[in-house]
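Computed from the coordinates by the stated procedures, all read-outs in this text should not be read as laboratory data. This structure is a prediction, so every number in the text was calculated from the model and none was measured. Glycine gets a Cβ as well: all are built from the backbone with ideal geometry, and neighbour counts include every protein chain shown.
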Amino acid sequence: MRRFFSSVYAPVAIVALAVLLVSLLPLSNFHIRIATLLFIFSIVILGMNLLMGFAGQISLGHGAFFGLGAYMIAIGVKQYGVSPWLLAALSLPVAGVIAWVIGRPILKLRGYHLAMATLAFGSIFAMFLNNALSITGGPDGMALDMASVRLFGMPPRWSWYWICGGLLVVVMYLLASLLDSPTGREMRAIHDSETAADVLGIDVARVKLNAFVISAVFATLAGCCFVMFDRYITPQSAGILRSIEFMTMTVVGGLGSAIGSILGAAILIVLPQLLTVFHEYEHAILGLILILIMVFLPRGIVPTLRARFGPRER
Amino acid sequence: MVAFLQLIVSGLTVGAIYALVALGFTLIYRASDIFNFSQGEFFMLGGMLAGISMATYGLPYPVAALVACLITVGFGLALYFYGIRQARSASPIQLLILTIGASMLVRGLASALLGKDFVTLPGLLPWQTWRVGGVVIQTQAVAIIAGAIAIVLALWVFMSRTLTGKAIVGVASNALGAQLMGINRTVVVGLCFGLSALIGALGGILATPITLTSYDSGTMLAIKGFTGAMLGGMGRPYGPVVGGLLVGLLEAFGAGYVSSVYKDAFALIVLLMVFALRPQGLFASHSVERV
């Protein structure tokens, strides 16, 4: 039992079980929606955590990657009548190539230049979404015209609950097996000490680039789910604020922790629902959370709790 | 030819502002290795606060400018002493996240408390435009360039002629060595945050009559200034200044000859090219560390 809990696959099983158990609760439509959004955002945050927790880099462009998937589907369906599923499959390699082009020169350098470059990418993408009215619908966003999805004859709400929940479990499984592979061991070595990893002959730049590309592809996948589930996308869902929200979710839950990623996403999805009066202060509150976490809980919630109450680490 | 000269004038004007952002970035980065993401927020605060003090509270220009500078410097010092200094055990990436948080906090407070509208300021000199052989020059453009030159020169004199300035240079070149010489690193880095905020506030006040300022102006300025700092290289004192001017010129020509809607995209292209081709910047003293 103890061996199971210390394995990298334990969180996958726990989350799969949670997705099943939550579906048995008497959920209102609103609850199903929140749960589905949580699954979608968790996919992004798990990727972000690979980048921030293991490669030690920050991206402020993941909102744009999220939007890339969503807008590719919305635009492709509207302008060319292509199947949204095909577009979703196409958007993933496109995101991968963009991330590779941005990340390759930067990740060879020491330092945190990726944050600024991805911020620039995100800003330009947001500018395109807001200005190219005839393609993207401008600030009003665009609707996705798509037949309702009925998985095994279930209503669309439940279909998306299972599709997104299922994808979340698949993503977690992929990440767990990645961390269990030689590449994953290289990532963990870099996480512990970049210099030591370098001395051991690990190609640090390549491993960081892999982490960035994988995290960008996951963000795009989540964006595809989001637009098909919500049938609407606006530039706000793909802007800089979204990117910073993703980063906040990642650091709140805890770097390097899969369960922490989901917890961080959950906290930042539920919090605004409770604090609607503070809507005006949304930016300010996000900023304040980031500062407070960095000053008082720099490792995030889950790793801090584990250090205090969990078994001693190896 | 007239169009070409006109683009040079407008390029140098925005370039002077980018040069000031780049200078502020470099000042903090060299002294503390902290990548201060909220650099653009100093400019936004300077412009917004001065504009609102004048428009809403009817303060005269010099008083409004002074108020804006004082509050912005206060924010810069608070960021260091109540934020970064408190997170002692934090790694560089955590400090970067902290400054991103500070930037969001200030932006959010500005949008909620100061409003979401663009703020303007009257020019430093009586508003006038000159025509020199067909090229239109605004008095405020002259004021921006002259002001930027004055700030750069003042900083240079401060760094090379005063003991405090030399302490900053000492900490920048070798923090441990400087500490062993009895220099208080905390005070020096705090001073750099204050100075950097002051440069930002002054830059924001200079730029606002032409560019207008709103709560979200800081992000783009930070990107452009950072691009300038990377292009010029942080190794030499004039690197960020020349880099900032070049980014302004490139942007003016890009907007003039290619596309004005996507003028902000040129900075990104420059940034990616610098990273790929010359990561140490144009004027490097030594090569950057590669991993």
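Distance from the alpha carbon centroid of region A:237-285 to that of region B:56-90 works out to 27 angstrom. Between amide H atoms placed 1.01 Å from N, distances below 5 Å from B:Val119 occur with B:Thr213, B:Ser214, all of them 5 or more places distant or on a separate chain.
Considering helices alone, the calculated mean residue ellipticity of chain A at 222 nm is -23500 deg cm²/dmol, with DSSP H runs of length four and up weighted by -39500 (n - 2.57) and normalised per residue.
Expressed as a whole number of Å, what is the distance separating the alpha-carbon centroids of region A:52-128 and region B:8-35? Spelled out, the Cα-based centre of one part sits 28 Å from the other. For A:Lys208, a cut-off of 22 angstrom between C-alpha atoms picks up these lysines, skipping any fewer than 8 places away in its own chain: A:Lys108. Going from the residue with the fewest nearby Cβ atoms within 10 Å to the one with the most, B:Glu41, A:Glu280, A:Glu194 rank A:Glu280, A:Glu194, B:Glu41.
Given +1 at the Cβ of Lys and Arg, -1 at the Cβ of Asp and Glu and no other charges, the dipole of region B:2-277 around its Cα centre is 480 debye to the nearest 20. Summary of the geometry: region A:137-159 and region B:141-184, compared by the centres of their Cα atoms, lie 58 Å apart. If I take every Cα pair under 8 Å that is 6 or more residues apart in chain A, average their sequence separation and divide by the length, what percent do I get for the relative contact order? Rounded, it is 33 percent for chain A. Among the residues of B:30-37, the average count of other protein chain beta-carbon atoms within 10 Å of the residue beta-carbon is 2. Note on A:Tyr161, A:Tyr112: ascending count of other Cβ atoms within 10 Å places them as A:Tyr112, A:Tyr161, the fewest first. Distant-in-sequence amide contacts of B:Gln280, defined by a placed amide H-H separation under 5 Å and a gap of 5 or more residues or a different chain, comprise B:Val288. Packing around the peptides A:37-50, B:51-64, taken as the average count of other Cβ atoms within 10 Å per residue, puts them in this order, highest first: A:37-50, B:51-64.
For chain A, modelled as a GNM whose springs connect Cα atoms under 10 angstrom apart, the maximal fluctuation among A:Val19, A:Val97, A:Val277 occurs at A:Val277. Relative contact order, whole percent, for region B:2-277 stands at 38, derived from Cα pairs under 8 Å and 6 or more residues apart.
Peptide A:278-287 has a mean shielding of 6, counted as Cβ atoms of other protein chains within 10 Å of each residue's Cβ. Annotation: the residues B:Phe118, B:Phe25, sorted from fewest to most other C-beta atoms within 10 Å of their own C-beta, follow the order B:Phe118, B:Phe25. Tell me which of B:Ile145, B:Ala265, B:Phe193 sits at the most positive position along the dipole axis of region B:143-275, charges placed on C-beta atoms (Lys, Arg +1; Asp, Glu -1). Highest projection toward the positive end goes to B:Phe193. Descending by average beta-carbon neighbour count within 10 Å, the peptides A:74-83, B:270-279 line up as B:270-279, A:74-83, the highest first. Mean per-residue shielding of peptide B:109-119 is 2, counting Cβ atoms of other chains within 10 Å of each Cβ.
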